[in-house]
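Before any comments, here is the structure.
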Amino acid sequence: MLVSGNIPVTSYQELVPQKISTLGTREVSGYASIVQEKKKQKAKIKYRKIKSYDCITAPDGLPEEYYTLDGGLKKSIIKNVKQYLNIIPDKKQEGNFFLSGVVDGEKQSPKYFNNCYLLSYIESPVPYEGAGTEAMQTLVEKSLLDDDTGGRVILYMAQLSPEDTCPKFFYKLGFRYVNGDYNTELKQYIDKNIIEFRMPPGYMYLPKGHVQKLLRYGHLF
């Protein structure tokens, strides 16, 4: 199955062009009609809204607007309430891959994600026909119109195979890896048109300055 943010290349059996009747009068290519029908299908997409009080630990390297300022305080309060009442069960935190570290002998306080949308699944019925782009534009519009999230969207990218083009897809839409070195490496693959490559797994986010580019993608690019 898919991991977060991956769009598999759907393989179809080879179709032999043939004449078929449409509405009993007009003849069209069987292959073309099938492709046209599939182009009308929308991409399957799953996402959820992360709220600051979920206290999901975020990695370093994100813009400041992706971090909540009071998440740590809320988490501390919730923890104390649980210990006092002893009736609230612990809730498993999904996506909590990052822990606080120690720098120069001083323990760093963990950072938590601010309100944003987390893309967990996307699949296009026909590759390279724009369905995936349209689905992402709809999600970003939803986040932009949400006063809590203001256009913030994240995903956890992990390639299915070296032929998986999802990192390129999201990079071209405007998403960037939290790790700047990953972006430099991926840009080289794109510029050199390298087909097979392997990117390390990691979070990608949509910078504020790239929101309008994504919303216009396919119209001006």
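Throughout, read-outs are computed from the coordinates displayed, never taken from laboratory work. Not measured: the values here are computed from a predicted model. Glycine gets a Cβ as well: all are built from the backbone with ideal geometry, and neighbour counts include every protein chain shown.
Things worth noting here:
- Residues whose amide H falls under 5 Å from that of Ile50, counting only those 5 or more places apart or on a different chain, are Cys116, Tyr117, Leu118, with hydrogens built in the peptide plane.
- Using a simple spin-label model with pseudo-atoms 7 Å out from Cα toward Cβ, Tyr53 and Lys192 lie 5.0 nm apart.
- Added length on full extension, which subtracts the Cα-Cα distance from 0.36 nm per residue, Arg216 to Lys142: 25.1 nm
- Segment Lys172-Lys208, length gained on full extension (0.36 nm per residue, minus Cα span): 11.5 nm
- Fully extended contour minus Cα-Cα distance, from Glu64 to Asp181, at 0.36 nm per residue: 40.2 nm
- Model label zone, Gln41; criterion: amide N under 14 Å from point 7 Å along Cα-to-beta-carbon; scope region 117-157: 123-132
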